[in-house]
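One structure is given here, and the rest of the page talks about it.
Derivation of every value follows stated rules applied to the coordinates shown; laboratory data play no part. What you see is a predicted model, and the numbers here were worked out from it, not measured in a lab. Glycine also receives a Cβ, built like all others from the backbone with ideal geometry; neighbour counts cover every protein chain displayed.
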Amino acid sequence: MTPKTAVVSLFLVDSILDDIKDLMNQKDDRIASVKDQIQTIHQELMFLRSFLADMKAGRQHPELEDLFIQIRDIAYEVEYVVSSFAPVWYLTIRLPQVMKKINLIRIRLQEMKKKHDAGMLKDAEYPSQQISLQDQRAHIGYEIVVGLEDDATKIKDQLLGETKQLQIISIYGMPGLGKTTLAKKLYHDPWIVQKFDKRAWCVVSQTYRTRNILINILTSMNELNEDAIMDMDDDNLGQKLYKSLSGKRYIIVMVDIWNVNAWYDIRNYFPDNNQGSRLLFTTRHKDVGTEASAIVNPLKLLTEEECWGLLQMKVFHEEPCPKELMDVGKKIARNCDGLPLAVVVIAAVLANMEKKIKLWKDVAERLSSHISEKSNMYIDKLQLSYNYLPMHLKPCFLYFGAFEEDREIAVRKLILLWVSEGFIEKVEHRSSEDVAQEYLTNLINRGLVMVAKRRSDGGVKACNVHDLLRDMCLRIAEKDNFLKVIQNQLSIHEQHQRLSFHSPSIPSFSRPFGLHVRSVLGNLPDPSTFFFSNLKLLKVLDLSTIDFTLYNPTRMEALLLLRFLTVSSITSSIEILENLEFLFVDNREVVEIPENLFKMVKLRHVHFRGGAQFSKSWRMRATKDEIFHGSNLEKVSSISIYDESDEKILRYSPSLRRLKCRVAIFWDSSENNYRYPAFNFLNELESLSVSFRRSYVIEDPNPDLTNLPLNLRRLTLRNFNLSWKQMKIIRELPKLEVLKLRNGTIEEKKWDTSEGEFEKLIFLELDGVQIEDWNASRDHFPKLERLVLRSCHHFGIPSDLGYCQCLLKIDVQGCAKSVEDSALTIKEEQEDYRDDLEVIVSHS
């Protein structure tokens with residue numbers, strides 16, 4: 001009845017035990033008579049889990065792993081029995097059977113304990129899994145294209161050639177050769193960036209939609225916002241693309257084209273205006289490349305020497321390979337069969353184990369045991385990297401199979417999904433999100449997960465996995481009943497713990513979902529056929545198409561354990577979900593926040609995609625100074641704070657660490673004056689994003705930034721008007737690392753900085769800032785790593801900033817020539833002193 005799976009984690013067992021405890025705490029008369037038995041079973045499982053964990057103490061052994069699986073399966077069984085609609089007589093029979101299984105595990109544990117104490121229980125010959133985590137603020141670089149240097153040079157010449165007509169250039173080769181990595185390197189090449197007026201990056205994939213391709217291209221060029229998308233059909237989108245490219249020299253990169261029809265569907269929207277524009281395709285099919293483009297660039301497998309060179313570089317970096325490992329290392333490289341992806345992931349396995357010849361020989365033997373026969377033969381070789389993963393990372397990695405092919409996955413959301421699923425260890429004095437971030441870093445360092453985008457502070461903003469690795473995830477996950485990806489139909493016999501819908505149409509169901517399902521992601525079936533009563537173990541419901549107002553609250557009562565929810569709208573009935581921790585509302589228009597939302601004890605993160613405001617009744621109560629219950633919210637976005645009552649409501653969330661809001665000037669009755677909201681009462685706040693709504697009735701005062709929390713590490717201001725005094729207050733924030741100033745001005749359109757300010761600032765962005773004079777020197781920004789300027793027109797970058805020792809990148813986008821020239825001058829001045837400063841100038 002409980003799905004058998006080899007995917008097991010110590011922390012997953014902890015999560016199941018927590019769920020059983022929550023189920024026992026529910027007011028359910030049905031289980032009252034057997035509650036003592038359930039309590040005893042829970043205590044026994046907790047004891048067995050602790051006892052086994054103490055024995056394990058970080059070691060890997062097949063018998064220990066098997067016992068963990070047995071304990072996990074019994075925990076699943078108890079959870080299933082308690083949450084089902086079984087009558088009491090059934091529980092009185094089933095629970096004693098469970099106790100017998102627990103007693104058998106106790107006997108086996110005692111036998112293993114004797115072996116352990118006598119030294120007879122030896123560790124399996126697995127590698128050490130310790131890893132040194134890389135600094136998350138490392139310089140943003142691109143994967144070294146080993147073996148493809150000549151191809152990179154040739155295709156770069158094709159892109160920069162003097163031919164004025166529109167040229168279509170393709171790169172083709174089998175999966176894992178580095179097509180996307182090469183295309184990305186070319187796309188970000190400074191010469192490419194500087195030559196073309198418009199650039200766009202688009203992923204097509206196997207199941208493409210013309211509309212999505214057009215939207216991706218337009219948004220990549222910042223030519224389209226989300227509101228505009230809703231009002232435009234495919235032809236309007238195409239016409240907008242054509243107009244935005246007309247008269248411009250542009251380069252469009254389209255990655256992973258499977259079918260030439262994808263090109264035929266959109267080719268008329270790319271004008272050939274004799275400006276020297278280029279289209280660059282990547283494909284795994286030769287016929288697509290030859291039919292769609294005039295210039296075809298095939299990629300080949302690496303030679304044995306190139307494989308060995310790449311392996312050495314990934315494992316040893318600048319250090320030489322020890323002589324005793326040379327022969328076995330070359331054998332491992334040879335067994336990767338020339339595929340760069342295989343070399344990278346196997347090198348990560350070697351890098352995270354002790355440099356012992358016995359362990360390396362084990363890897364070589366396991367690799368050579370996989371016989372190369374078909375085009376997907378590499379999945380078996382790649383699975384070796386999964387087999388060597390620490391137990392706690394395996395479910396986190398397999399979870400990537402739940403997402404669609406080639407999709408960039410937002411890291412913040414991924415981490416919350418992992419936490420909700422129970423994959424993350426609970427560490428004292430550390431948040432689960434921080435521990436999950438460490439897990440992700442570990443997977444990235446092992447070459448299994450790729451960084452798609454970075455945040456301004458250098459952390460990972462979005463990630464993805466290679467197609468071959470995703471295929472591997474799906475194969476393992478479906479085999480072990482961990483995850484099922486549904487295209488069209490789901491039958492009751494498919495007993496998987498997690499369901500992910502990838503079909504653009506509504507899937508059909510031969511029967512309702514089974515009780516074992518723990519998470520549902522993707523496109524929601526017809527609400528009339530979606531039975532929540534069969535999903536009592538559900539922890540994650542990530543379906544943005546749900547209109548919460550369509551459901552009678554009683555239909556949601558079954559979701560006792562739900563922790564993560566994505567919906568398109570909400571009502572006050574949300575409070576039924578007592579264990580909810582993370583709520584994402586995928587709304588298109590501003591919605592009202594139900595008053596009881598802030599009363600939900602476990603709710604920590606709330607995000608309103610289209611913005612939100614407090615309800616009128618709630619604001620009326622705040623005006624009368626009626627007492628509110630304090631909330632435990634830690635992160636909220638994006639809400640409106642437009643009057644004194646809004647600010648009062650916000651005061652009842654003192655634990656906020658991240659806040660994104662829109663604010664307006666309002667009358668403060670206690671001070672008899674107009675002012676903007678203050679934030680100094682949020683002592684835990686680390687990240688603040690404020691968009692000022694300007695008043696057209698009265699003259700706006702400057703925002704009172706003396707009321708900013710001193711713990712701020714990230715600050716974003718939009719539509720601002722700051723005095724010198726206010727700028728000085730920002731500069732002196734003691735922990736500020738990231739500052740983004742967008743669409744605003746500073747008093748007298750002048751900005752002077754001085755020494756002793758911005759002591760910890762790492763990232764500075766000026767976007768549409770209306771100043772004419774910026775005076776600064778290297779001493780004013782001692783830790784600055786990255787400087788970004790967008791749509792700035794009346795000033796230049798102070799040349800002395802080029803001498804900032806930590807500065808790694810200057811990024812200028814769509815600015816006036818004076819700004820571009822100042823950046824290029826800094827680049828020329830620094831060429832004689834350093835080679836690590838990257839200067840990117842983009843006209844778009």
For a protection proxy built on the mean count of beta-carbon atoms within 10 angstrom, sort 104-113, 536-545 highest first, please. 536-545, 104-113
Can you put His392, His629 in order of Cβ neighbours within 10 angstrom, beginning with the fewest? His629, His392
With a 10 Å radius around each residue's Cβ, average the other Cβ atoms per peptide and rank 193-202, 414-423, highest first. 414-423, 193-202
For the chain, state what percent of all Cα-Cα pairs lands in each successive 20 Å bin, counting from 0 Å until the bin that includes the largest distance. 13, 42, 37, 8, 0
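Sorting check: for 399-406, 678-685, 562-569, which peptide has the highest mean count of neighbouring beta carbons within 10 Å, and how do the rest follow? Could you put the intermediate results ahead of the total?
Values: 399-406: 21.0, 678-685: 17.5, 562-569: 22.6.
Ranking, from highest mean packing down: 562-569, 399-406, 678-685.
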Long-range HN-HN contacts of Ile486 with modeled amide H, under 5 Å: Ser500, Phe501, His502
Amide H contacts of Thr716 (H built 1.01 Å from N, under 5 Å, at least 5 apart or other chain): Leu688, Ser689, Val690, Lys740
For Tyr803, Tyr76, Tyr264, what ranking results if the residue with the fewest other Cβ atoms within 10 Å of its Cβ goes first? Tyr264, Tyr803, Tyr76
Could you work out, for region 718-844, what percent of all Cα-Cα pairs fall into each 5 Å distance bin, beginning at 0 Å and stopping at the bin that holds the largest distance? 2, 11, 22, 26, 22, 12, 4, 1
Amide H proximity to Leu837 below 5 Å, modelled H, separation 5+ or other chain, gives none
Computed FRET value (nearest 0.05) for Ala32 with Glu557, which takes r as the C-beta separation and R₀ as 22 Å: 0.75
Computed helical MRE - 222 nm, the chain, DSSP H runs ≥ 4 contributing -39500 (n - 2.57), nearest 500: -11000 deg cm²/dmol
Return Glu755, Glu644 ranked ascending by Cβ neighbour count within 10 Å, so the fewest neighbours appear first. Glu755, Glu644
Per residue of region 33-44, in order, report the coupling 6.51 cos²θ - 1.76 cosθ + 1.60 (Karplus, θ = phi - 60°) as ³J(HN,Hα) in whole Hz, putting x for Gly and Pro. 6, 10, 5, 5, 5, 4, 4, 5, 4, 4, 5, 4
Apply the Karplus curve 6.51 cos²θ - 1.76 cosθ + 1.60, θ = phi - 60°, to the phi angles in region 402-414 and return the couplings in whole Hz, x for Gly and Pro. 6, 9, 5, 4, 6, 7, 7, 9, 5, 5, 4, 6, 4
For the chain, percent of DSSP beta bridges that are antiparallel (nearest 5) comes out at 10
With x for Gly and Pro, the residue-by-residue ³J(HN,Hα) of region 232-239, computed from phi through the Karplus equation 6.51 cos²θ - 1.76 cosθ + 1.60 at θ = phi - 60° and given in whole Hz, is 10, 8, 4, 5, 5, 4, x, 5
